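The values are calculated or read from the model by the stated rules, or taken from the named source; none is laboratory data. Nothing here was measured: the structure is a model prediction, and the numbers come from that model. Heads up, the Cβs are rebuilt from the backbone with ideal geometry, glycines too, and the neighbour counts pull from every protein chain shown. Ligands, DNA and RNA are stripped out before the accessible areas are found, and what is left, the full protein with its side chains, is counted by its heavy atoms. Shrake-Rupley method; radii C 1.70, N 1.55, O 1.52, S 1.80 Å.
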Amino acid sequence: MYKEDFNSEDVFSKPVRAGKRTYFFDVKSTKGGNDFFLTITESKRRNNPDGSYTYDKHKIFLYKEDFEKFREGLDEVITYIKDTCFGGTIPQRESDENSVEFEDL
């Protein structure tokens, strides 16, 4: 139904840094510009043995008809983890001095 192609346009982007990973929440318009969808991309920097680096990227496409069910599922899983696995609070990530700076992406 929706297919990201070279004609889709970025409408809004929100990067979220989390340790060695960066998550990108990108709102894109369809080719005709009359509909929108969300892509969620996880990007993680990998160091190669020769000292160079590459980025592993994984992408999810989320369409408007799935927004509510996706949000409900995510909320339920986060609540379960928070309440069952961590006794009501999720531990916060400590600062990682080796984390990638956003400008490096």
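Among the chymotrypsin sites (Phe, Trp or Tyr not before Pro) in the range 1-82, those placed in a DSSP loop whose Cβ has at most 12 other Cβ atoms within 10 Å are Phe6. Subtracting the Cα-Cα distance from 0.36 nm times the residue separation, let me have the gained length for Asp35 to Thr79 in nm, one decimal. Taking 0.36 nm per residue and subtracting the Cα distance, the gain is 12.7 nm. Past 23 Å, Cα to Cα: identify those pairs from Lys44/Lys82; Lys31/Lys69; Lys44/Lys64; Lys31/Lys64; Lys20/Lys57; Lys28/Lys69, in the order given. In this structure, Lys44/Lys82; Lys31/Lys69; Lys44/Lys64 lie more than 23 Å apart at Cα.
Mean sequence separation of contacting Cα pairs (under 8 Å, at least six apart), scaled by the length of the range 1-90, corresponds to a relative contact order of 18 percent.
Taken over the range 12-95, the percentage of Cα pairs per 10 Å bin, counting from 0 up to the bin with the maximum distance, is 14, 31, 35, 16, 4. At the residue level, Asp83 shows approximately 90 square angstrom of accessible surface with a 1.4 angstrom probe and all protein chains present.
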